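First comes the structure, then the notes that go with it.
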Amino acid sequence: MRRVLAIGLVAWLVGCGGTPEVSSETDAAATVVAPAPSPRTPQPPATPGPTIAVPAGVVLAGSTPGTPFRRPSREVDEIPVELPAFAIDRHPYPNEPFAPPQLVTSRAEAAALCEARGARLCTELEWERACEGDAHDRFPGGRTYDADRCSRDRSACASALGAMRMGETAPEWTASDAAESLVRRGRSAVLRGAQADAPADQHRCDARVLEVPEAAPAAAFRCCHGTAPAVRYPEVDRPREVVDLTVERDAIRAALRGVPELAAYADDFEPYAEADGDRALACANVDRRALAGWELAPGPFAWSPSPGEATWVVAGRGGGSSLIAVLYVLPGDRFAHAASFVLEGEDAPIAVTRTPPSRGELQWSACWGRPGDGGVVRFGEDSIVRVISH
């Protein structure tokens, strides 16, 4: 009997009290594993001051590929950015512990109110730095977010640096401009944070939830002190939908070797070529005419399943098995596991097909059209890549 191993995404839960999702042989979204938390200061001081001194340090701009519900078209892949020291108000304007955040309908009004206090509107990178702290927390209160807990105990959702109510009950204006393409369409200002009833993922420190005109529905804001940093949010790379890879076999082996979930298949890995795809079709006594408009991939290729997301798709044999794998391409020539499907102990050719109308989906098969020998690779609405067999 064929043995298959579905290796799914390694990710983290985005809420409190969640339970890991365990896949079956027909769904390659395997156990969702929360990473070990980084050290962090558990709570701000008992008697908060009006501002927080934020030391010079690194902000990891953006989110890790595979973060549930991340927006790859807006969020870069955790690019380290050096920021100088600055100070930030502990609370949203008017920066009073028990006053509700003041909402204004334009960024200019928010900036003017800060200037009247001898301060300035925070940039989005300063906001993200104060939110994630030196431990680079996912949410202002740590690794998870619980809106009810935040409303009951404000200190529970304070950032490690002591900033309170960061985008907890309302999005906040920042001094940062959106990308030029959005500015040309009238969406010029970046806001951070979200309404209290928004999904948990919108409360991530790295979430760029809103890019709006200069005047928009009312939002909160907070003031920063000191010289504004000259650095801007890094540009989001938008790779083409598919590009055939011209890398050497050893480069693919090195990429697999650096991914713990796939390292066992790396040393003797041989990527399948176009002829192997044709063999997978011939297994079912069909040729490329059976693909009905889908294109047979000639070998490993780069795939952008959503604007801003970059992956490699490789199919081949290694470690005595056949597999199809999707790897996230990370800054610094690094890779991470997105999803994979392994036919254990088999040397079966795997055909992978793609088509522009279905950017977020690929097809794969070891014997085209035969049940149980193929499936799809899909980028879901939750921004998770899954290899599915059916």
Checklist entry - For segment 137-161, which residues satisfy the criterion of being touching a Ser or Thr at 6+ places or on another chain (Cβ under 8 Å) and under 18 Å from residue 85 (Cβ atoms)? => result 160, 161
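Hey, any hits in segment 264-272 for a residue that's touching a Ser or Thr at 6+ places or on another chain (Cβ under 7 Å) and over 27 Å from residue 383 (Cβ atoms)?
Initial filter on segment 264-272 (touching a Ser or Thr at 6+ places or on another chain (Cβ under 7 Å)): 265.
Still in the running and over 27 Å from residue 383 (Cβ atoms): none.
No, the conditions are met nowhere in segment 264-272.
Can you tell me which residue is farthest from the chain's Cα centre (by Cα) among those in segment 211-236 that are charged (D, E, K, R), open to solvent by 60 Å² or more (accessible area, probe 1.4 Å) and at pLDDT 90 or above? Quick ask: steps written out before the conclusion?
So the first thing to find is which residues in segment 211-236 are charged (D, E, K, R), and the list is 211, 214, 222, 232, 235.
From the residues that got through so far, the ones that are open to solvent by 60 Å² or more (accessible area, probe 1.4 Å) too are 214, 232, 235.
Restricting the remaining residues to those that are at pLDDT 90 or above gives 232, 235.
On the way: 232: 19, 235: 15 Å.
Within segment 211-236, the match that is farthest from the chain's Cα centre (by Cα) is 232.
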Checklist outcome for this item: A careful count of residues in segment 100-119 that are buried (at least 16 other Cβ atoms within 10 Å of the Cβ) and either among the small types (Gly, Ala, Ser) or within 24 Å of residue 235 (Cα to Cα) (or both) gives 5
Next on the checklist: I'd like to check something: does segment 256-274 contain any residue that is among the charged types (D, E, K, R), open to solvent by less than 10 Å² (accessible area, probe 1.4 Å) and under 27 Å from the mean Cα position of the chain (by Cα)?
Outcome noted: no
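With 180, 115, 109 as the choices, which residue is closer than 19 Å to residue 61 by Cβ, among the acidic types (Asp, Glu) and either in contact with a Ser or Thr (Cβ under 6 Å, 6 or more places away or on another chain) or free of Cβ contacts under 8 Å to residues at least 24 places away in the same chain (or both)? Talk me through it step by step, then tell me what you get.
On the way: 115 fails: closer than 19 Å to residue 61 by Cβ; 109 fails: closer than 19 Å to residue 61 by Cβ.
Of 180, 115, 109, the one residue that is closer than 19 Å to residue 61 by Cβ, among the acidic types (Asp, Glu) and either in contact with a Ser or Thr (Cβ under 6 Å, 6 or more places away or on another chain) or free of Cβ contacts under 8 Å to residues at least 24 places away in the same chain (or both) is 180.
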Item to check | Every residue from segment 330-380 that is open to solvent by 30 Å² or more (accessible area, probe 1.4 Å), part of a strand (DSSP E or B) and farther than 25 Å from residue 304 by Cβ | outcome: 344
Next on the checklist: Looking at residue 271 and the list (1) in contact with a Pro (Cβ under 8 Å, 6 or more places away or on another chain); (2) free of Cβ contacts under 8 Å to residues at least 40 places away in the same chain, which single condition is not satisfied?
Outcome noted: (2)
Checklist entry - Which one of these is farther than 30 Å from residue 239 by Cα, open to solvent by less than 20 Å² (accessible area, probe 1.4 Å), aliphatic (A, V, I, L, M) and touching a residue at least 60 places away in the same chain (Cβ under 8 Å): 130, 85? => result 130
Checklist outcome for this item: Per the filter on segment 279-293, residues open to solvent by less than 50 Å² (accessible area, probe 1.4 Å) and not small (Gly, Ala, Ser) are 281, 291
Item to check | Subset of segment 157-194 that is at pLDDT 90 or above, aliphatic (A, V, I, L, M) and out of contact with any strand residue (DSSP E or B) (no Cβ under 7 Å at 6 or more places or on another chain) - its residue that is surrounded by the fewest Cβ atoms within 10 Å (Cβ to Cβ) | outcome: 164
Next on the checklist: I'm checking my understanding of the structure. Among residues of segment 60-75 that are under 19 Å from residue 210 (Cβ atoms) and among the hydrophobic types (A, V, I, L, M, F, W, C), which one is surrounded by the fewest Cβ atoms within 10 Å (Cβ to Cβ)?
Outcome noted: 69
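The values are calculated or read from the model by the stated rules, or taken from the named source; none is laboratory data. Everything quoted here is computed from the prediction, not taken from an experiment. Cβ atoms come from the backbone with ideal geometry, glycine included; neighbour counts cover every protein chain shown. Side chains are part of the model used for accessible areas, which takes the heavy atoms of the whole protein and leaves out ligands, DNA and RNA. Shrake-Rupley method; radii C 1.70, N 1.55, O 1.52, S 1.80 Å.
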